[in-house]
Amino acid sequence: MSIVTIKDKTFKTFIPEAEIKQRVKAVAEKINRDMADKNPLLLAVLNGSFMFAADLMRDITIPCEISFVKLASYQGTTSTGEIKEVIGLNEDIAGRTVIIVEDIVDTGATMKRMIETLGTRNPESIHICTLLLKPDKLRVPLDIAYTAIEIPNDFILGYGLDYDQQGRNLRDIYTLVE
């Protein structure tokens, strides 16, 4: 187990890189089966999902496309509760199968807002794919088709997730040491 200090907080290894890769591969295999005839558009939510999206794409073997959008609701270690607009969606998603690729779903408010926003553009279907899910914190009903790992309500970082923009480059996922 490794300990890291980011700014004023200490974190310890929670999910090692090897387990993350194994779980991402399992999600990709499920997408390969479910979407074999679809050519889905993966819509990765920046900044947190960039590592997950890259690894996921490497394991997807069916025809697919990827694009990136930005949507922020976090500041420091807590959600601001304010969800900003989807920025950067230039693709026409009308009639497309869209898979939103997210780093973490906790309350579900951000995802609900994103689905509502994307729904106005007439996609054929929208699916949620998340690296991490905090089921005990979920406050809105969401149909999450692809979840790599369910976790408790701890604050985490690494593998794309950050604490005040730091720690995204860590290969493992770390949890806050109280």
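Please treat every number below as a calculation from the coordinates, not as lab data. The model shown is predicted, which means the values in this text are computed figures rather than measured ones. FYI the Cβ positions are ideal-geometry reconstructions off the backbone, even for glycines, and counts take in every protein chain you see.
Here are a few things to note about the model shown:
- Fluctuation leader among Gly48, Gly119, Gly158 - the chain, Gaussian network, Cα springs under 10 angstrom: Gly119
- C-alpha long axis of helix 50-59 to longest principal axis of the chain, angle in °: 60 degrees
- Net charge dipole, the chain: roughly 80 debye, given to the nearest 20, about the Cα centre with Cβ charges of +1 for Lys and Arg and -1 for Asp and Glu.
- In sequence order, segment 127-143 has phi-based couplings of 10, 9, 10, 10, 5, 10, 10, 9, x, 6, 9, 4, 10, 10, x, 10, 9 Hz under the Karplus curve 6.51 cos²θ - 1.76 cosθ + 1.60, θ = phi - 60°, and Gly or Pro positions carry x.
- Between helix 109-119 and the chain: long-axis angle, C-alpha atoms, 0 to 90°, nearest 10: 20 degrees
- For Lys134, a cut-off of 17 angstrom between C-alpha atoms picks up these lysines, skipping any fewer than 8 places away in its own chain: Lys112.
- Kirkwood Rh (inverse of mean 1/r, distinct Cα pairs), the chain, angstrom: 16.5 Å
- Set of lysines with alpha-carbon distance to Lys21 below 17 Å, sequence-local pairs under 8 removed: Lys30
- Remark on Ser49: its backbone amide H falls under 5 Å from those of Asp103, a criterion applied only to residues 5 or more positions apart or on other chains, H modelled at 1.01 Å from N.
- Prolate/oblate/rounded call for segment 90-178, Cα gyration tensor, a/c under 1.5 rounded: prolate
- Beta bridges from DSSP with both residues in segment 1-174: antiparallel share about 35 percent, rounded to the nearest 5.
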